[in-house]
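The values are calculated or read from the model by the stated rules, or taken from the named source; none is laboratory data. Given the structure is predicted, the values throughout are model-derived calculations rather than measurements. Using ideal geometry, Cβ is built from the backbone for each residue, glycine included, and neighbour counts are taken over all protein chains shown. Note: accessible area is taken over every heavy atom of the protein model, side chains too, but ligands, DNA and RNA are not part of it. Shrake-Rupley method; radii C 1.70, N 1.55, O 1.52, S 1.80 Å.
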Amino acid sequence: MDSRYKFPDRYIDNRSPSISGIIAGICKGELWLDNWEAPRLVAAYSYCVGGCGIVGDIGKISDSELLAFLETVFDDLRKNGIDYFEFSSEDSKIYDRILRLFDSGKIESEMEYSYRRSEKAALDGTLPDGYELREVNEAFLKELSCGKYANIEMLTDRLYHSWQNEKNFLEYSKAFVVLKARRIVGIIFGSARYENIIAVDIEVEETYRRRGIAAFLTEHMLNSCSEENLTVQWDCVESNTASRMAAEKCGFHLFKKRPYYWFGIS
């Protein structure tokens, strides 16, 4: 992080590692500041989250300043082919102000659930025959660069959008993949970190679901993180019942829930 960015400590906390990690300069993402010398309002866009987290002293920002700040964010999102603005905040005053300034009839919302677990998991699951678990470490990344595996975008898209480089990923994060015939078919990926909290992103290709792969990956991620005194955070929206049930089945505890909002900016 450029040393000229002087963020008050209250702008950064471990409730949202995906956002705080970017602001703290640990993770990769888009960052907007209302004032480069003494920021009062900060928006951080996370690739894996797919939206913006907003923090700051909203009481010090006038409506016209807030609109000008958001228009800068909108312009950059449009340049990147994103025609909607999705946002959340730990401060209800921030989203209350934003909602008041825009047409409420065009704003959609949903609750987001955040689960956490720091304890080890019992390794009860097994993979079907022909499947292989691999940790994404330096050796695996070297194999990846040699073209040994198919569907590598499932990993590389996350890695290079969430971390500055492989070195940062290896230092701050963790990931495991499941292979089938040298194809990546499932992944659990540490997409962000702040302090000792790692936010994870989980995906299994549709063809390979309902085979226990997600649970198997989760167990190994939990155990690996627990050995380093790290807590795993699992975020999902209210409508994603399958993800919520999976988190609860894997022993995660509900940490918080909050609304997030989105509306078109095209």
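Conditions first: (1) β-branched (Val, Ile, Thr); (2) within 19 Å of Ser46 (Cβ to Cβ); (3) outside any strand (DSSP E or B). Ile188 passes all but one, so which condition is the exception?
Of (1) β-branched (Val, Ile, Thr); (2) within 19 Å of Ser46 (Cβ to Cβ); (3) outside any strand (DSSP E or B), only one is false for Ile188: (3).
Just checking, which of Asp2, Asp9, Asp34, Asp13 is modelled with pLDDT under 85, in contact with a helix residue (DSSP H, G or I) (Cβ under 9 Å, 6 or more places away or on another chain) and not hydrophobic (A, V, I, L, M, F, W, C)?
Asp13
Determine which member of the set Phe189, Phe255, Phe263 is in contact with a Lys or Arg (Cβ under 8 Å, 6 or more places away or on another chain), closer than 30 Å to Glu108 by Cα and open to solvent by 30 Å² or more (accessible area, probe 1.4 Å).
Phe255
Given the criteria out of contact with any strand residue (DSSP E or B) (no Cβ under 9 Å at 6 or more places or on another chain), more than 30 Å from Arg258 (Cα to Cα) and surrounded by 14 or more Cβ atoms within 10 Å (Cβ to Cβ), does Leu141 qualify?
For Leu141, the condition - out of contact with any strand residue (DSSP E or B) (no Cβ under 9 Å at 6 or more places or on another chain), more than 30 Å from Arg258 (Cα to Cα) and surrounded by 14 or more Cβ atoms within 10 Å (Cβ to Cβ) - is met.
Look at the stretch 142-168 and say how many of its residues are hydrophobic (A, V, I, L, M, F, W, C) and without any contact (Cβ under 8 Å) to a residue 24 or more places away in the chain.
Summing the residues that are hydrophobic (A, V, I, L, M, F, W, C) and without any contact (Cβ under 8 Å) to a residue 24 or more places away in the chain in the stretch 142-168 gives 2.
Go over the candidates Ile202, Ile184, Ile213, Ile265 one by one and state the one that is within 16 Å of the chain's Cα centre (by Cα) and β-branched (Val, Ile, Thr).
After ruling out the rest, the residue left standing is Ile202.
Among the candidates Lys174, Lys180, which residue alone is of a type in the set (D, E, K, R) and open to solvent by 50 Å² or more (accessible area, probe 1.4 Å)? Full working, then the answer.
Details: Lys174 fails: open to solvent by 50 Å² or more (accessible area, probe 1.4 Å).
That would be Lys180, the only listed residue that is of a type in the set (D, E, K, R) and open to solvent by 50 Å² or more (accessible area, probe 1.4 Å).
Of all residues in the stretch 192-235 being part of a strand (DSSP E or B) and open to solvent by less than 10 Å² (accessible area, probe 1.4 Å), which is farthest from Asn151 (Cα to Cα)?
Ile197
Which of the residues spanning the stretch 63-83 are open to solvent by less than 80 Å² (accessible area, probe 1.4 Å) and not in a helix (DSSP H, G or I)?
Once the filter is applied, which keeps residues that are open to solvent by less than 80 Å² (accessible area, probe 1.4 Å) and not in a helix (DSSP H, G or I), the stretch 63-83 yields Gly81, Ile82.
Could you pull out the residue among Lys93, Lys120, Lys60 that is more than 28 Å from Ser243 (Cα to Cα), in contact (Cβ under 8 Å) with a residue 24 or more places away in the chain and open to solvent by 70 Å² or more (accessible area, probe 1.4 Å)?
When all the criteria are applied, what remains is Lys93.
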